[in-house]
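Below is one structure, written out as structure tokens; comments come after it.
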Amino acid sequence: MSRAETKHEQLRSALLGLIEQDPRRELPLPSERDLAAEFGVSRMTARMAVEELADQGFVYRVQGRGTFVRQPWVSKSLALTSFTEDMRARGMKPATKVLASAERPAGAAAGSDLKISPADPVIFLRRVRLADGVPICLEAVELPAALVPGMLHEVLTGSLYDLLESSYRIRITHAEQRIRATVLDQEEAGLLGVAPVSPALLVERVSLDRAGRPVERARSIYRADRYDYRVAVDRRGPGR
Ligand code: GLP
């Protein structure tokens with residue numbers, strides 16, 4: 001897409017490039033003052049870009065010493081998994097029923113999350129996800145159509161993440177995720193084979209590729225009687 005990148009985005013991409021140069025070493029980042037001078041941005045813009053990377057776990061700050069590139073996570077705590085991987089890890093067989101697939105304008109909310117204009121097209125995909133033949137999740141995803149040309153002609157009953165990698169060389173490496181409780185409405189309950197107003201977990205995810213480009217905006221609704229959200233958590237000591 002030939003959209004002009006803002007200075008903030010340029011700086012963010014440059015910093016991500018720096019981080020990827022040697023992700024094993026805990027390299028210090030240049031100071032905000034040096035970043036501002038080098039990229040011709042205000043110190044505020046430089047600070048915002050670094051703060052964003054810190055919020056997303058790419059870098060960490062040490063009081064009085066500066067900002068450092070975080071080593072890759074060793075535990076599975078922050079593993080970004082697909083539905084398919086998630087189910088296989090639990091010893092269950094994943095399957096998918098496609099309810100809808102279409103190209104349509106992004107609209108305001110998806111446009112903002114995917115950093116495209118509301119008028120830009122997205123591929124919309126709504127699927128029931130099954131584990132060992134039992135429907136446990138309803139998933140609606142939107143992807144910028146420009147990134148996935150011809151996707152509607154692909155087989156959409158397999159893993160979306162595998163498809164992105166194999167057909168479009170897009171690897172999702174980071175996601176912003178929000179999990180909250182919800183209840184199923186009549187239609188959702190019917191699709192998942194439970195009573196209306198049954199409890200569910202709503203997982204909202206915006207996924208980014210290596211370059212920090214938003215690739216997917218997803219809303220997954222899991223039956224609360226069949227699914228729990230598992231995370232391993234690590235205690236971070238000083239300097240981590
Ligand atoms: C999870 C995520 C979704 C993602 C899906 C991909 O369910 N919450 O954001 O779209 O995994 O899974 P798969 O590759 O199995 O289609």
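The values are calculated or read from the model by the stated rules, or taken from the named source; none is laboratory data. Here the structure is a predicted model, which is why all the values come from computation and not from measurement. Ideal geometry is used to build each Cβ from the backbone, glycine not excepted, and the neighbour counts take in all protein chains shown.
For the reader, a short list of remarks on this structure follows.
- Candidate set: segment 213-225, residues that are surrounded by 15 or more Cβ atoms within 10 Å (Cβ to Cβ) and away from the ligand (no atom under 13 Å from the Cβ); chosen: the one nearest to residue 146 (Cα to Cα): 213
- Some residue of segment 39-50 being in contact with a strand residue (DSSP E or B) (Cβ under 8 Å, 6 or more places away or on another chain), under 12 Å from residue 15 (Cβ atoms), surrounded by 12 or more Cβ atoms within 10 Å (Cβ to Cβ) and modelled with pLDDT of 85 or more: yes
- Residue list for segment 143-166, filter: touching a strand residue (DSSP E or B) at 6+ places or on another chain (Cβ under 9 Å) and within 11 Å of the ligand (Cβ to nearest atom): 143, 156, 157, 158, 159, 160, 161, 164, 165
- Residue in segment 135-153 that is closer than 15 Å to residue 214 by Cβ, charged (D, E, K, R), surrounded by 12 or more Cβ atoms within 10 Å (Cβ to Cβ) and at pLDDT 95 or above present: yes
- Residues being touching a Pro at 6+ places or on another chain (Cβ under 9 Å) and either assigned to a loop (DSSP other than H, G, I, E, B) or assigned by TED's automatic domain parsing to the domain that holds residue 16 (or both) - total across segment 196-225: 3
- Residue match in segment 156-174 (condition: of a type in the set (D, E, K, R), over 22 Å from residue 103 (Cα atoms), surrounded by fewer than 19 Cβ atoms within 10 Å (Cβ to Cβ) and in the same structural domain as residue 107 (by TED's automatic domain parsing)): no
- Among the conditions (1) within 13 Å of the ligand (Cβ to nearest atom); (2) surrounded by fewer than 18 Cβ atoms within 10 Å (Cβ to Cβ), the only one that residue 130 does not satisfy is (2).
- Residue count for segment 173-212, restricted to those that are of a type in the set (Asp, Glu) and within 13 Å of the ligand (Cβ to nearest atom): 2
- Scanning segment 183-203 for residues that are polar (S, T, N, Q) and exposed (fewer than 14 other Cβ atoms within 10 Å of the Cβ) yields a single hit, 186.
- When 140, 109 are checked against the criterion of being in contact (Cβ under 8 Å) with a residue 60 or more places away in the chain and either assigned by TED's automatic domain parsing to the domain that holds residue 174 or of a type outside the set (Val, Ile, Thr) (or both), a single residue qualifies: 140.
- Residue check, residue 186 touching a strand residue (DSSP E or B) at 6+ places or on another chain (Cβ under 8 Å) and polar (S, T, N, Q): no
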